[in-house]
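The values are calculated or read from the model by the stated rules, or taken from the named source; none is laboratory data. Keep in mind it's a predicted model, so treat the numbers as computed, not measured. Positions of Cβ are backbone-derived with ideal geometry, glycine not excepted, and every protein chain shown enters the neighbour counts. Areas reflect the complete protein model, heavy atoms only, side chains present, ligands, DNA and RNA absent. Shrake-Rupley method; radii C 1.70, N 1.55, O 1.52, S 1.80 Å.
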Amino acid sequence: MDNHHAVHPGTPSRRLVLGSAAAVAVTALTTPVASARSRRGGHLPNSVALPNGTQPEGVTSGPGATFYVGSVADGRIVTGNLRTGEVRPLLPAAAGRSLRGLFFDRRTGLVWAVGSLGEDGHIWAVDAMSGAVVSDTMVPGAGFLNDLVVTRRAVWATDSGVNRLTVVRLTRHGEPTGAAARFVELTGEWPGSTGAFNANGIRRLPDGALVLNHSTSGGLWQVDRRTGVTRRIEVVGGPPITSGDGLELVGKTLYNVRGNGAFAVVATRMRRRGDEWRAEWVDTLTDPSLDVPSTATAALGSLWVVNARFGVPSPETATFALTRLPQV
């Protein structure tokens, strides 16, 4: 996720099942998109329209065809159906609130969101059925909280302005504990520097290590969650990872949004050698409809990419959409 917008595995719970049904049954508040069908995944639309003026950045997907998108401008969350294009509000807008990364936890039916309220960094947990804020953790000293991933016992968030990871502890069932945020400093080979836009996307690799990208220095980075020691991940083949916004991991395939150019998603295959990871370039995905993509989520066998359209004239009334790309 960018700095262009400083406006400042378990059984589904009952809440999750009911939330999915409610999201599908609700009447759409925006017109379902009527795009052409592609040859791959021909039963799915090539794009899903979001409400005008959404100014989206983060996206995550829930059970089935359900998705959630957050607004960097007014802090709302909208939810909808990737098959039908129906969209409805979930979390209302709030003055001064900006949402960036989102992550849906299937264990609890919670949508975790990272961002800010005025000058203060926050990590929120939102009920995916009702839109109620279940947990609100303030993050002291935050610079620019940007993206997050939920593991078995914690939420991990990047801060593009401070060279550390923010950690919010969870119960063994994935519920918020109410504990204060704690921090893991990024050390080792991490190229963080004062004034640069540093860590951005984050995901958990199969062995438990975290993978980050770096918006200024480029590249992919492996982080030990216990120590914060960071190593550069060698990328073999294809163009270099020169920048990065959101990350999405499907099995061992890592999708780096804007990993090589303003209108592309770079796909790499992650390979482990001992305790180190390396990445093999697979493909660079693009589409004429991509317009400054920010994040992506995998659902229904496809990759759904947010077009953040940073810099578009009159963003308060502009059109926004998700673009569907093939998984590799």
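A few remarks follow.
- None of GLY115, GLY178, GLY131 is crowded, with 22+ Cβ neighbours inside 10 Å and either touching a Cys at 6+ places or on another chain (Cβ under 9 Å) or of a type in the set (Gly, Ala, Ser) (or both) except GLY115.
- Residue in segment 45-67 that is surrounded by the most Cβ atoms within 10 Å (Cβ to Cβ), counting only those that are under 14 Å from LEU82 (Cβ atoms) and out of contact with any strand residue (DSSP E or B) (no Cβ under 6 Å at 6 or more places or on another chain): THR66
- Count of residues meeting criterion [outside any loop (DSSP other than H, G, I, E, B) and open to solvent by less than 20 Å² (accessible area, probe 1.4 Å)] in segment 182-200: 3
- Annotation: TRP124 fulfils all but one of (1) under 26 Å from SER243 (Cβ atoms); (2) under 16 Å from the mean Cα position of the chain (by Cα); (3) surrounded by 23 or more Cβ atoms within 10 Å (Cβ to Cβ); the unmet one is (1).
- Residues that are of a type outside the set (D, E, K, R) and part of a strand (DSSP E or B) within segment 235-257 comprise VAL235, VAL236, LEU247, LEU249, VAL250, THR253, LEU254, TYR255, ASN256, VAL257, listed in sequence order.
- Of note, PRO288 does not satisfy the criterion of being closer than 25 Å to PHE103 by Cβ and assigned to a loop (DSSP other than H, G, I, E, B).
- Among the residues of segment 291-328, those that are surrounded by fewer than 22 Cβ atoms within 10 Å (Cβ to Cβ), aliphatic (A, V, I, L, M) and in a loop (DSSP other than H, G, I, E, B) comprise VAL292, LEU300, VAL312, ALA318, VAL328.
- Here ALA113 does not fit the description of being part of a loop (DSSP other than H, G, I, E, B), within 18 Å of VAL69 (Cβ to Cβ) and in contact with a strand residue (DSSP E or B) (Cβ under 8 Å, 6 or more places away or on another chain).
- If the condition is being of a type in the set (Val, Ile, Thr), within 14 Å of ASP283 (Cβ to Cβ), open to solvent by 10 Å² or more (accessible area, probe 1.4 Å) and over 16 Å from the mean Cα position of the chain (by Cα), then segment 237-268 contributes only ILE241.
- Each residue in segment 277-290 was checked for being open to solvent by 30 Å² or more (accessible area, probe 1.4 Å) and over 19 Å from VAL250 (Cα atoms), and 3 of them qualify.
- Residue among ARG169, ARG232, ARG226, ARG203 that is outside any strand (DSSP E or B), on the phi < 0 side of the Ramachandran plot and either open to solvent by less than 10 Å² (accessible area, probe 1.4 Å) or among the basic types (Lys, Arg) (or both): ARG226
- Count of residues meeting criterion [assigned to a strand (DSSP E or B), charged (D, E, K, R) and either more than 18 Å from the chain's Cα centre (by Cα) or crowded, with 24+ Cβ neighbours inside 10 Å (or both)] in segment 70-104: 2
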